[in-house]
1. So how tilted is helix 70-86 from the main axis of the chain? Cα-based, degrees 0 to 90, rounded to 10.
2. For labels at Q177 and S144 in the simple 7 Å Cα→Cβ model, what's the distance in nm?
3. Aspartates and glutamates within cross-link reach of K54: Cα-Cα under 13 Å, excluding same-chain residues under 8 positions apart?
4. Which cross-chain or sequence-distant (5 or more) residues have an amide H under 5 Å from the amide H of L7, H modelled 1.01 Å from N in plane?
5. List the residues whose amide H sits under 5 Å from the amide H of N101, counting only those 5 or more places along or on another chain, with H placed 1.01 Å from N in the peptide plane.
6. With a point put 7 Å past each Cα toward its Cβ, work out how far Q210 is from N64 in nm, to one decimal.
7. Restrict the search to the stretch 133-217; then list the trypsin sites (Lys or Arg not before Pro) that DSSP places in a loop and that have at most 16 other Cβ atoms within 10 Å of their Cβ.
8. Calculate the dipole size of the chain relative to its Cα centre from +1 charges on Lys and Arg beta carbons and -1 charges on Asp and Glu beta carbons; express the result in debye to the nearest 20.
Amino acid sequence: MENPAPLAIDVVSDVMCPWCYIGKRRLEAALKQRPDLDVVVQWHPYQLDATIPKGGMDRQEYLNKKFGGPDGAKSVYANIVKAGEVEKIPFAFDQIPYSPNTIDCHRLIHWSQEGGHQDALVERLFELFFLEGKDVGDHAVLQSAARDVGMDGEKVAQLLSGDSDVDTIEKSIASAQKMGIQGVPCFIFDNKYVVSGAQSPEVFLELLDQITQDPTD
């Protein structure tokens with residue numbers, strides 16, 4: 001008897017989305033409780049704010065535009081910081097100098113799938129942006145992140161210098177929007193079960209058990 005195919009978990013996410021980082025942690029917590037479950041997690045692009053210029057935007061300018069200023073942002077981020085503490089993510093929002101346009105991040109994530117580096121790269125980009133305050137729109141930062149997870153840094157630098165796969169990323173984002181995805185994170189299990197938002201590990205576990213125990217799957 002052939003082994004069943006791994007369970008596909010597709011995650012639609014944006015690097016500058018703190019709830020996506022929290023959702024990643026919560027999914028990982030659920031999967032740790034089902035260590036015998038064979039899964040393949042794949043990350044797909046989304047842009048929370050495609051209007052940010054290619055070179056990024058000063059963080060304070062971005063906060064003023066999005067939240068009406070630092071006080072509005074502080075109110076919104078308070079709940080995120082609390083959720084991050086639970087998941088052991090020490091968000092350092094005050095250390096972020098720029099809000100990036102994340103198209104190049106998504107190109108890099110797309111390329112990282114070859115060689116099996118995708119999950120490690122997504123984690124590294126979250127760390128760089130939210131914990132270390134790095135400008136993840138900067139090609140040097142992206143090249144360094146690629147090297148950190150075992151990718152060919154020189155090849156990445158060459159690819160980033162051109163427009164390779166920009167169309168691929170834009171089409172993928174448009175496809176997600178056509179599916180009705182209007183916010184991230186969004187988790188798609190087994191190509192048919194959709195979980196929106198950074199739900200608790202218990203929600204993920206309930207769905208995982210439902211899928212694996214359903215005799216029709």
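A short reminder: the numbers here are calculations on the coordinates, not readings from a lab. Quick caveat, the model's predicted, so the values are computed rather than measured. Cβ atoms come from the backbone with ideal geometry, glycine included; neighbour counts cover every protein chain shown.
1. Here the helix axis deviates by roughly 40 degrees.
2. In this crude spin-label approximation the distance works out to 3.3 nm.
3. D104, D135, D138, D163
4. Placed amide hydrogens put D38, V39, V40 under 5 Å from L7.
5. So N101 has HN proximity to G56, M57.
6. Output for this residue pair reads 4.6 nm.
7. Numbers: sites: K134, R147, K155, K171, K178, K192; in loops: K134, K192.
When the trypsin sites (Lys or Arg not before Pro) of the stretch 133-217 are filtered for loop state and at most 16 Cβ neighbours within 10 Å, K192 remain.
8. Numbers: 20 positive and 34 negative charges, 121 e Å.
Dipole about the Cα centre, nearest 20: 580 debye.
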